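Q: This is the structure, below, for whatever I ask next.
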Amino acid sequence: RENVQIVFLGGYSGVGKTELVKQLCTDCTTISKGERIICARGKYSKLQSAAVPFSAISDSLGELVANLTDEECKTVRAKLSASEGMNSAALVDTFPYLAPLLFPPRADSTNVTDDSVTPATMNEVKEAFKEFLSCVCGVLRSPLIWFLDDFQWSDEASLELLKDVLISKELNNLLFIGAYRSNEVKEEHPFHELMKGVEEVNNTNVHRVDLFGLSSDDVAGFIVDAL
């Protein structure tokens, strides 16, 4: 609970990166003897990411909110409300999925937004997001597994936010996993620059893992066993 672990998971398409993370979540639940493990997942899309900034992050936050208990939601809401510098409006404006968590539910199940409010700046979103994530991770009994997939299609806004988050010293109790197609992320790719920048600041807690396909001997072994 006292640190953040960051895993950059590379491999070709179809090698099993997503399935590996699913199995990790299952194994963590088994090891913790049934204690609830939250895995917040999001996936970038080649067609969607450019048009919809933060798409994978937003989807992962939706899954996170859906998996929190009512008591955890109340605790997070109370802690953030008591924080003087917390800009909840900046978060909800950027990530609408967080509205039920940051603001008490209305009787009509809607949250009214004021169109006249000036949009939040990127710096405001960064600071609010870090405080929000730190609060959530502090409330959870087990580390949050935050998994974002297909970073080869990530947008610039996501990478800017994530770099600021992943080098932050304010976070604890978090396992971040970012998966990408290694044959599509070359040195000039923005995500490659993010990985390099995070490693330079937080090298001891950053791990690169590359998955490879089965060897010819492994495939032959499967065929022999099947026949």
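Q: On the given criteria, is residue 74 open to solvent by 60 Å² or more (accessible area, probe 1.4 Å) and either part of a helix (DSSP H, G or I) or in contact with a strand residue (DSSP E or B) (Cβ under 6 Å, 6 or more places away or on another chain) (or both)?
A: Against the criterion (open to solvent by 60 Å² or more (accessible area, probe 1.4 Å) and either part of a helix (DSSP H, G or I) or in contact with a strand residue (DSSP E or B) (Cβ under 6 Å, 6 or more places away or on another chain) (or both)), residue 74 qualifies.
Q: Can I ask one more? Looking only at residues in the stretch 25-44 that are more than 13 Å from residue 67 (Cβ to Cβ) and in a loop (DSSP other than H, G, I, E, B), which one is modelled with the lowest pLDDT?
A: 34
Q: If you go through the stretch 104-122, how many residues are at pLDDT 70 or above and open to solvent by 70 Å² or more (accessible area, probe 1.4 Å)?
A: 3
Q: Looking at (1) at pLDDT 90 or above; (2) touching a strand residue (DSSP E or B) at 6+ places or on another chain (Cβ under 7 Å), which is the one condition that is false for residue 97?
A: The one condition residue 97 does not meet is (2).
Q: Tell me which residues, restricted to the stretch 192-213, are surrounded by fewer than 13 Cβ atoms within 10 Å (Cβ to Cβ) and touching a helix residue (DSSP H, G or I) at 6+ places or on another chain (Cβ under 8 Å).
A: 208
Q: Still on this model: Any idea which residue in the stretch 176-191 is farthest from residue 21 (Cα to Cα), counting only those that are out of contact with any Lys or Arg (no Cβ under 6 Å at 6 or more places or on another chain) and open to solvent by less than 40 Å² (accessible area, probe 1.4 Å)?
A: If we take residues in the stretch 176-191 being out of contact with any Lys or Arg (no Cβ under 6 Å at 6 or more places or on another chain) and open to solvent by less than 40 Å² (accessible area, probe 1.4 Å), then 189 is farthest from residue 21 (Cα to Cα).
The values are calculated or read from the model by the stated rules, or taken from the named source; none is laboratory data. Since the structure is predicted, the reported quantities are computational estimates derived from the model, not experimental observations. Cβ atoms come from the backbone with ideal geometry, glycine included; neighbour counts cover every protein chain shown. Surface areas here come from the heavy atoms of the whole protein model, side chains and all, with no ligands, DNA or RNA. Shrake-Rupley method; radii C 1.70, N 1.55, O 1.52, S 1.80 Å.
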